[in-house]
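Data first, discussion second: the structure below is written as structure tokens.
Bear in mind that the values in this text are calculations on the coordinates, not laboratory data. Quick caveat, the model's predicted, so the values are computed rather than measured. Every residue, glycine among them, receives a Cβ derived from its backbone with ideal geometry; neighbour counts consider all protein chains shown.
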């Protein structure tokens, strides 16, 4: 049986720290893999450059950005995280979460652990 996989930007220190935090504190049953080593098809790899992706254990579904965060929280065995994930999937919290996610993604080079190499241009 496969495990869920969180795909992140391994060249970004902030993203790497967040992926480790997600694995260690939120969802210990998830594998974390940098998109650079995930063997993704070109369209999915481009998507992974700009947002975190979560693939389900069966490999059938992929969520990105705030939806990936919400589904990861929903799957957590820890108290409170599933409630936060449920809330994050509901309007208007989802819209606020999506806006916050986009802002953090655009400014990840300014976040703790971020470097100028973390900065990305707009998605292609």
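Some values worked out for this structure:
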{"read-out": "Filtered residues of segment 1-24 (kept if within 19 Å of residue 63 (Cβ to Cβ), touching a residue at least 24 places away in the same chain (Cβ under 8 Å) and in a helix (DSSP H, G or I))", "value": "15, 18, 19, 22"}
{"read-out": "Among the residues listed as 74, 88, the single one being closer than 19 Å to residue 105 by Cα and surrounded by 12 or more Cβ atoms within 10 Å (Cβ to Cβ)", "value": "88"}
{"read-out": "Subset of segment 76-108 [assigned to a helix (DSSP H, G or I), over 24 Å from residue 5 (Cβ atoms) and under 16 Å from the mean Cα position of the chain (by Cα)]", "value": "99, 103, 106"}
{"read-out": "Scan of segment 27-36 for residues that are part of a helix (DSSP H, G or I) and more than 12 Å from the chain's Cα centre (by Cα), ordered by number", "value": "36"}
{"read-out": "Hey, residue 47 buried (at least 18 other Cβ atoms within 10 Å of the Cβ), farther than 23 Å from residue 113 by Cβ and out of contact with any helix residue (DSSP H, G or I) (no Cβ under 7 Å at 6 or more places or on another chain) or not", "value": "no"}
{"read-out": "Qualifying residues in segment 56-68 (those that are free of Cβ contacts under 8 Å to residues at least 40 places away in the same chain and within 12 Å of the chain's Cα centre (by Cα)) - the one surrounded by the most Cβ atoms within 10 Å (Cβ to Cβ)", "value": "66"}
{"read-out": "Lone qualifier among 73, 54 - being outside any helix (DSSP H, G or I) and in contact with a helix residue (DSSP H, G or I) (Cβ under 6 Å, 6 or more places away or on another chain)", "value": "54"}
